[in-house]
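**Student:** Structure provided below as structure tokens; questions to follow.
Values quoted throughout were computed directly from the atomic coordinates according to the rules given, and no laboratory measurement underlies them. Keep in mind that what you see is a predicted model, and the values were worked out from it rather than measured. With ideal geometry, Cβ positions are generated from the backbone for all residues, glycine too; neighbour counts draw on all protein chains shown.
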Amino acid sequence: MDPQSTFDEELQTFAARLRALRLERGKRSYRELAARAARSGTAIRLPVATQSDAFRGKRMLGFDTLMGLVRILYSYDEYGQEIAVPPHSAPELERWRRDWRALAARQPTAPGRPKTAPRPMSGPAPHPVHEPSPDSEGREAPSPEALFTPVRRLAEHPDTTWSVAFSADGSLIATTCEDDRVRLWNTATGKESGEPLPGTFPVVFTPEGRILVVDAGDRSAVRPYDVATLRQDGPALTRGVPPIRAMVHQPDSGGVVLLGFGGGVLLWNPAIGDHSIPFQPGPDGPRALTRTVDGRLLAAGPGGGVWDLFQERPRVEEPLVPPVEGAGVMALSPDGRMVAFGRPDGSAGLLGTRPGAPVRPLTGHRDSVNALAFSPDSRLLASTSADGTVRLWDARTGLPAAPPLTEHSGAVNGVTFSPDGRLLATASDDRTVVLYERVATAPASTLAARALTTALRARRPAQLPIVDAGAAIVRAAFAPSGQILATTTSERSVLLWDPVSGHALGSPLTDPPTLPWALAFSPDGSLLATASADRSLCLRDPHWPVSHRTVGTGHTAAVKKIAFSPDGQMMATASADATIRLWDPATGRPFGTPLTGHTNEVVGLAFSPDGSHLASAGVDGQILLWSPHRRTLVPRLLDIGSGTAWSVAFSPDGTRLAAALADGSVRLWEPLTGEPLDVSTTAHTGAAYDVAFSPDGEVLASAGEDGAVLLWDLATGACVGYALPGHAAAVNGLAFSPDSSLLATAGRDGTLRRWIVGDG
């Protein structure tokens, strides 16, 4: 066989190995590999044409280019997730150096050209002069997409470090060590503060300047120390529980809630002493304990339970989360909406705390998951592993939020965020604690981001993926936080969605059966109100929707609309019995007798932004204004002629009142005078069913029987752009997100559509 044929065959074999490596590392596209190289900070360049030649065996790459390609392929783990780009000296690269040399030795020499001598393989290839040099431990600088960068290494520990805890202001960090000592460090300087304290994990700082430490000799006891003097500040707080797994300070009482490894929970209160908290933790007991941002104390266990330890809530037959088999560690998010778990085999997952929430697998760790922690805003999840890495996840999607952190050379045992989310600390078998700081990220500048910005500036909304609800959707409403989108359906159910991903947040709520026309969140987001088939109201905690209370309305016909006053102190209901009733949402008690004035069904309600007026709309063709606190009708005539007024809405500044009318028009008035405004127009070819102002006051949206959704510029009264397409039947309801960036449309065709209408 001639030399050229031999070389060609070996080149194809070499290319096949490259293809196998690419397949093994997630089969990234050529463009993805080129983009990864460009942002890796390594000066590696991988043009698409060059990659095509290499993977197809069309030509032999130069040494530097080939090694750059291999390094980028190895910057993905076996699950296809991004990890750090290996340095030139990484042992997995040696085989590729050796094989390139052997292949180069067989390459035929072109006539008139000397054969290129292969690069010596006695050591790692030299760094290009423009490539960032590695740090003192041989690791490369973090890539630009990193969320956190290391700023301090606390190395003066004599043995394995187990856990970390931040003070309330983030100025101090406490670390626990195998030598049963707790050390305090200044986060700004990295210097140790005073002498070590006797004790072990868990450790908790209190706002009044104490640190609570578990006694290493008696792990059922907690000892308080003064942070300033490092002297014990009183006797041990409690005894008599199993070894302590987790500890949470109760700032309202000055007490401490302790979770034992055996599953028991105990509250120590300085006023009453020890007090066991009665609840049924299940056979495995809880594994995680957290105090949520709204003051609840939640515990979660691998058996599928999530318990609110201080609230009387009905028990349900089905677990609130699916059982988590083999969970070694768990964590609850500060907003109480998510549970994360990790197992000894390296697998991990994320799921909502609502019934039916799907499990989102977190793949990437290659050894036991040792610790989990949510960021204070519940948006990030950090996981640590015996594989020596710390991974960051987007808690909404379960996708990696950044490349793994690889500063440790041993198993990573503990992780926590500072209270403001700016710092991250990790503890490891390598006897160190690493302190990371959040990286300031620049605004996105991709072509896609620029295109979206251009479209929005031209008032051209962009549609997110369609959500199929399986039944006609009648009403939609955003929670004040913007994190929940609620809808009602023709099948008398309530559905909760993640507004961004479109994922269902739990199973449909069908108990009690819900009339679909009325849906409202309270201004503080603590209540979700719907109308029940028996003419009562159902009030739910949207973060715990399986629990609810019922308020009898006294209406003699179906409830068609619910509205909360801006201060949340009053709730109004409109009914097919032609009356309006006012309620105290806290007690469920009515304010006086019904408001009468309509002669047919009342189907629209809206409070003015200052709460001084309540507008109502009816099938009788009337739009009436009320003084809700005086319970009187305001004598102003808003003339619509004839036909049903289906919906009313006040502008955010209170200077406009809009109505959607049966003749297809959208009309506006000055509510204080009743004067019509010129921007009113015929909008829809069928009845207009709903209107909504964007919270920033720039746009009015209307929806109707013709399936069209229109946006109106309030400054000019002109229609913005074009009708939002897609619905195959009438659009019943509209809702803007609190930041005015999203518009949700509820269709009788069974679809929920979400439009990006602003940049927030």
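**Student:** Taking R0 as 41 Å, what FRET efficiency do you get between Asp99 and Arg422 from their Cβ-Cβ distance, rounded to the nearest 0.05?
**Tutor:** 0.30
**Student:** Right, another one. Could you tell me the calculated FRET efficiency between Ser409 and Thr510, based on Cβ-Cβ distance and R0 = 35 angstrom, to the nearest 0.05?
**Tutor:** That gives a FRET efficiency of 0.05.
**Student:** Using θ = phi - 60° and the Karplus relation 6.51 cos²θ - 1.76 cosθ + 1.60, list the HN-Hα couplings for the stretch 30-39 in order, rounded to whole Hz, with x at every Gly or Pro.
**Tutor:** The phi angles translate into 4, 5, 5, 5, 5, 5, 4, 5, 5, 9 Hz.
**Student:** Please report Ile466, Ile580 as a ranked list, fewest other C-beta atoms within 10 angstrom at the top and most at the bottom.
**Tutor:** Ascending number of Cβ neighbours within 10 Å: Ile466, Ile580.
**Student:** So how do 479-490, 95-106 stack up, highest first, on mean other-Cβ count within 10 Å?
**Tutor:** For the peptides 479-490, 95-106, the packing ranking is 479-490, 95-106.
**Student:** In addition: Around Ala687, with a cut-off of 12 angstrom between Cβ atoms, what is the net charge of the other residues, counting Lys and Arg +1 and Asp and Glu -1?
**Tutor:** -4
**Student:** Can I ask one more? Starting from the amide H of Ala288, placed 1.01 Å from N in the peptide plane, find each other amide H under 5 Å away whose residue is 5 or more places distant or on another chain.
**Tutor:** Distant-sequence amide H within range of Ala288: Ala300.
**Student:** Under 12 Å from a label point 7 Å along Cα→Cβ of Thr446: give me every residue in the stretch 30-47 with its amide N that close.
**Tutor:** 32, 35-36
**Student:** Another question, then. From the C-alpha gyration tensor of the stretch 3-106, pull out the three semi-axes of the equivalent ellipsoid (sqrt of 5λ each), sorted largest to smallest, in whole Å.
**Tutor:** Over the Cα atoms of the stretch 3-106, the semi-axes work out to 22, 14, 13 Å.
**Student:** Something else about it: Add +1 for every Lys or Arg and -1 for every Asp or Glu among the other residues with Cβ under 14 Å from the Cβ of Phe166, and state the total.
**Tutor:** Around Phe166, the surrounding residues sum to +1.
**Student:** Given 5 Å bins starting at zero, what is the percent of C-alpha pairs of the stretch 686-760 in each, up to the one with the largest pair distance?
**Tutor:** For the stretch 686-760, the binned pair fractions read 3, 18, 30, 27, 16, 5, 1 percent.
**Student:** With N denoting the number of residues in the stretch 487-556, provide Rg(C-alpha) divided by 2.2 N^0.38 Å, to two decimal places.
**Tutor:** 1.07
**Student:** Sticking with this one: Could you run the Karplus curve 6.51 cos²θ - 1.76 cosθ + 1.60 with θ = phi - 60° over the stretch 585-598 and give me ³J(HN,Hα) per residue in whole Hz, x for Gly and Pro?
**Tutor:** x, 6, 10, x, 8, x, 8, x, 8, x, 8, 10, x, 7
**Student:** What is the stretch 3-106's relative contact order, in percent, from Cα pairs under 8 angstrom and six or more apart in sequence?
**Tutor:** For the stretch 3-106, the relative contact order is 32 percent.
**Student:** Next up: What order do you get for 752-758, 531-537, 381-387, 582-588 when each peptide is scored by the mean count of other beta carbon atoms within 10 Å, highest first?
**Tutor:** Most protected by this proxy first, the peptides run 381-387, 752-758, 531-537, 582-588.
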